[in-house]
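This is the structure I want to talk about, given as structure tokens.
The values are calculated or read from the model by the stated rules, or taken from the named source; none is laboratory data. Because the structure is a prediction, the values reported are computed rather than measured. Positions of Cβ are generated from backbone atoms using ideal geometry, with glycine treated the same way; all protein chains shown enter the neighbour counts.
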Amino acid sequence: MPSTKDLRDRIRSVSNTAKVTGAMQMIAASKMNRAQNAVREGRPYADRIRDVLGDLAALAAKDEDAQTVDLLKVRPVNKTLVVLVTPDRGLAGALVGNLQRETARFIQGIEGDFSMIAVGRKGERFVARTGQDLLASFSVPDRPTLDDTVAIGRMLVDEYSSERVDRVVLIYAKFINTAVQEINARQLLPVEPPKRDEDEVGKLEELDYIYEPSISAVLESLVPRYIETQVYHSILEAFASEHSARMIAMQNATDNANEIVEGLTLDLNKARQESITAELLDIVGGVAALEG
């Protein structure tokens, strides 16, 4: 058994680690709450612009001019652009590893050429380590606004509109709840508007909206804004997932450290008890020898 000095040193070391992970847990919890609020506040707008896009696309299906909107066109996929959203830092449990494994699995299934855009340092390092074609990398602040991410959306729109790529896929950690983050690979371009059945289209036509100058022009303006919004909201979800995963990881680390301290404390008490018992036996033996 280790000496009492060694045990005290180990208890002190593990206790200090528990203090650090406990502090990191509280910081992550604060950031998690803020990020989750941002996701909840942004979700209604993201959902609404998607609904509007679905309505316009349904009406455009009967308008030959509107069917020429570039970002809605589906063409043969010769090159795919993969956008990987990852944290800048680790200590987030299995989140980064899961993102990298899903990305590796996805690109293995791509038929044809592909390039990548990395959002976050972990993603940038992954692309460099695996030797993939890195088209661009972006870094966004811990509390992103739409202005911080709009350049990403515009680049995606430009790459697709210029036909340098034929498909854009975004891979990120979708926020479900504090304990669950789902790795999601979603197609951004070409845009797939929500489907409308014939009854819904009929109701839209009855409203008799006037589109100036045309449905096509409205879609040409709306779809890029839609892409920018979807990129922004996906990054918000990625941040909420990151801080949630880090908070849980630090909580588990703190709990494990405390359990280790408890075990070491029991070992220390046992070692002290054995030391005291040995000293008492020596004293009793010495007294008996003197009396004999």
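Does ARG75 qualify as being in the same structural domain as ARG225 (by TED's automatic domain parsing), more than 21 Å from LYS174 (Cα to Cα), basic (Lys, Arg) and not in a helix (DSSP H, G or I)?
yes
Only one residue in ALA29, ALA46, ALA92, ALA57 is more than 23 Å from the chain's Cα centre (by Cα), surrounded by 15 or more Cβ atoms within 10 Å (Cβ to Cβ) and at pLDDT below 95, so which one is that?
Of ALA29, ALA46, ALA92, ALA57, the one residue that is more than 23 Å from the chain's Cα centre (by Cα), surrounded by 15 or more Cβ atoms within 10 Å (Cβ to Cβ) and at pLDDT below 95 is ALA57.
Consider GLU212 carefully, then state whether it is closer than 30 Å to SER13 by Cα and out of contact with any strand residue (DSSP E or B) (no Cβ under 8 Å at 6 or more places or on another chain).
Against the criterion (closer than 30 Å to SER13 by Cα and out of contact with any strand residue (DSSP E or B) (no Cβ under 8 Å at 6 or more places or on another chain)), GLU212 does not qualify.
Yes or no: VAL20 surrounded by 15 or more Cβ atoms within 10 Å (Cβ to Cβ), within 30 Å of SER241 (Cβ to Cβ) and at pLDDT 90 or above?
In short, no.
Evaluate the following for ALA238: is it modelled with pLDDT under 75 and farther than 30 Å from SER15 by Cβ?
Judged against the criteria, ALA238 is not a match.
Shifting gears a bit: Being touching a strand residue (DSSP E or B) at 6+ places or on another chain (Cβ under 6 Å) and assigned by TED's automatic domain parsing to the domain that holds PRO213 narrows it down to one of GLN100, GLN132, GLN108, so name that one.
GLN132
Continuing with the same structure: Any residue at all in the range 97-109 that's modelled with pLDDT of 90 or more and either of a type in the set (Lys, Arg) or within 30 Å of ILE210 (Cβ to Cβ) (or both)?
Checked against the condition, which is being modelled with pLDDT of 90 or more and either of a type in the set (Lys, Arg) or within 30 Å of ILE210 (Cβ to Cβ) (or both), the range 97-109 yields at least one hit.
Ok, one more. Could you check ALA151 against (1) of a type in the set (A, V, I, L, M, F, W, C); (2) within 29 Å of MET250 (Cα to Cα); (3) assigned to a helix (DSSP H, G or I); (4) without any contact (Cβ under 8 Å) to a residue 60 or more places away in the chain and say which number it fails?
(2)
Okay, residues lined up against (1) assigned to a helix (DSSP H, G or I); (2) in contact with a Phe, Trp or Tyr (Cβ under 7 Å, 6 or more places away or on another chain); (3) of a type in the set (S, T, N, Q); (4) over 30 Å from LEU156 (Cα atoms):
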position: VAL231; (1), (2), (3), (4): yes, no, no, no
position: SER234; (1), (2), (3), (4): yes, yes, yes, no
position: ALA238; (1), (2), (3), (4): yes, yes, no, no
position: MET247; (1), (2), (3), (4): yes, no, no, yes
position: ASN252; (1), (2), (3), (4): yes, no, yes, yes
position: GLU259; (1), (2), (3), (4): yes, no, no, yes
position: THR265; (1), (2), (3), (4): yes, no, yes, yes
position: LEU280; (1), (2), (3), (4): yes, no, no, yes
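Here's something else I'd like to know. I'm trying to understand the selection: among the residues of the range 155-193, which are in contact with an Asp or Glu (Cβ under 7 Å, 6 or more places away or on another chain) and not in a strand (DSSP E or B)?
Across the range 155-193, the qualifying residues are SER161, VAL165.
State all residues of the range 123-143 that are in contact (Cβ under 8 Å) with a residue 60 or more places away in the chain and closer than 15 Å to TYR172 by Cβ; if no residue qualifies, say none.
Correct list: VAL140 only.
Sticking with this structure for a sec: Write out, first by first residue and then by second, each pair whose Cβ atoms fall under 8 Å of each other, whose residues are 6+ apart or on separate chains, and whose first residue, in the range 264-292, is closer than 23 Å to ARG8 by Cβ and surrounded by 10 or more Cβ atoms within 10 Å (Cβ to Cβ) while the second is among the small types (Gly, Ala, Ser) and at pLDDT 75 or above.
Every condition considered, the pairs that remain are ALA271/SER3.
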